[in-house]
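Okay, structure first, notes after.
Rule-based calculations on the coordinates, nothing more; no lab input. A quick note: this is a predicted structure, and the numbers were derived from the prediction, not measured. Here the Cβ positions follow ideal geometry from the backbone for every residue, glycine too, while neighbour counts run over all protein chains shown.
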């Protein structure tokens, strides 16, 4: 039989252990205070929730002479005990989601600050993310680490600004500066969180209207399911893509396509797709890119190689995906209104500097420009371009 | 953002809803037991607060359903909740879900005013949010175990 008291003790000791770690981290560095404060707040909230559960358990004991771990047959106390046990399970989930999953990333940040082989690249990445967030007009604090995969983890609920974000690149990409513009998409998520109400207000009703224009013969359940997928997940992914393109321009798209080539571009992650299929994303990004006034940039080469690649793919059609989820009216509404909702396009101002630095690098000359511009230029040079010397120079200048 | 982190984020939303609904349901059970059996409730005020938070959550669901009916702007977090309720009641008819939600809110309001009332819809809906939201969190948190 489940013993709520021993469960309470387990959780109490977990909270104490996590609090202890936070205190130790705070003593070592002040660079991530905000992130540690968020975790502390979450731990305090879990402590309060635990006290409430204890109080409920005490009432149950007083009213029904309940003994810990004993079976209950009476309906009312049984329901009360169910509520108590579910509360304990929720506290455990909160600890996992808000502390257990974030503390190892903080630990990675601390380690990379001190570890010599990675330290220079970590500082360079930090500098890059600082410049990128400023360039994108974002004020929320971010920290960057080398970790297992790309993500953008929030340390606070988006409804309680400011949010703090953790971004990562894989460790094996530490020295591959040309890959770093891919973080533009994650910055796009931070901007989406920041202006969520604005994006939802300007795009969601248009997507809903497009779904309502689909003929009534389509199954209502499928329609609602598809609409939810768009509004819950795909909308923010398209906004993040659009922000990335308008912030970094061709540098972002050129690196995104490398990722897109590694996956089946027509695949939808059923049953609960988080991302739109790669083909939709690449096509959208190219359309946004073509609309930017970038003198001297020609997207036709990227476009034709993408189309050639698509022709080589064989993928079984799914009627729900083809006819409902990717209905042309819905896709068109989402693309059009996302592109016009993301108004700021700092890529336009960045582009001439990127071209200048790129031309300089091709002639073995380094122009006095910032890291953001250099990384953007490196991402447009052929993979065979020897970048090690440039990277070492950037480390010397920027860190 | 990777799929796993996306799921972590939506789990955080579900967790909040699940906790509010579970606290409200627990409060409802304690308050009802105290009332039916004439037991002295030392935490009556706290339970009433929790119940009121549950009512606010249901009001948010009802507003979302009303906006959805009119084709207006729906917040993605509220939409997640509507999806969970829709799954639980096995219906996608927005007007049905809205009526049930209104009924649940009315039951809570009458109960909070001290009236003797049937609480079945309120309990059913709060239970649905508490359990269905928990099951949405489970796949993510289980990964750690």
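Comparing Cα centroids, the stretch A:210-244 and the stretch A:108-149 end up 34 angstrom apart.
With respect to chain A, whose longest principal axis is taken over its alpha-carbon atoms, helix A:235-248 is tilted by about 40°.
Would you mind calculating the gained length between residue A:344 and residue A:364 on full extension (0.36 nm times residue separation, minus the Cα-Cα distance), in nm to one decimal?
Details: separation 20, 0.36 × 20 = 7.20 nm, distance 3.31 nm.
Working it through step by step, the gained length comes to 3.9 nm.
Here the contact order of chain A, divided by its residue count and restricted to Cα pairs under 8 Å and six or more residues apart, works out to 16 percent. Sorting B:115, A:206, B:106 by the number of Cβ atoms found within 10 Å of their own Cβ, with the fewest placed first, yields B:115, B:106, A:206. Taken residue by residue and averaged, Cβ atoms of other chains lying within 10 Å of the Cβ of B:34-46 number 2.
For chain A, the share of DSSP beta bridges that are antiparallel, to the nearest 5, is 35%. Rg/Rh for chain B (Cα atoms only, Rh after Kirkwood) is 1.01. Of the Cα atoms belonging to chain A, the radius of gyration and Dmax stand at 25.1, 85 Å. Angle between the Cα long axis of helix A:33-64 and the longest principal axis of chain A, 0 to 90 degrees, nearest 10? Relative to chain A, helix A:33-64 is tipped by roughly 20 degrees. Shown for B:19, B:112: other C-beta atoms within 10 Å of each C-beta, ranked fewest to most, produce the order B:112, B:19. Between the C-alpha center of the stretch A:66-103 and that of the stretch A:254-278 there is a gap of 39 Å. Using only Cα atoms, find the angle between the long axis of helix A:328-341 and the longest principal axis of chain A, and express it within 0 to 90 degrees, rounded to the nearest 10. The angle comes out at about 80 degrees. Between residue A:172 and residue A:131, the modelled labels are 2.7 nm apart [label points 7 Å from Cα along Cα→Cβ]. Relative contact order (percent) for chain B, with alpha-carbon contacts under 8 angstrom and 6 or more residues of separation? Answer for chain B is 35 percent. Between residue A:75 and residue A:261, full extension at 0.36 nm per residue minus the direct alpha carbon distance yields a gain of 61.2 nm. I need the shape label for the stretch A:184-283. Rule: rounded when a/c is under 1.5, else prolate if a/b > b/c, else oblate, with a, b, c from the alpha carbon gyration tensor. Judged from the Cα gyration tensor, the stretch A:184-283 comes out oblate (a/c at least 1.5, b/c at or above a/b). Remark: B:80, B:125 ranked as B:80, B:125, counting other beta-carbon atoms within 10 Å and listing the fewest first.
Spin-label model, residue A:383/residue B:44: points 7 Å from Cα along the beta carbon direction are separated by 7.3 nm. Shape class for the stretch A:111-341: prolate, because the ratio a/c of the largest to smallest gyration tensor axis (alpha-carbon atoms, square roots of eigenvalues) is 1.5 or more and a/b beats b/c. One Cα centroid belongs to the stretch A:1-64, the other to the stretch A:348-392; the line between them spans 49 Å.
Using the alpha carbons alone, the radius of gyration of the stretch A:309-355 stands to its Kirkwood radius in an Rg to Rh ratio of 1.22.
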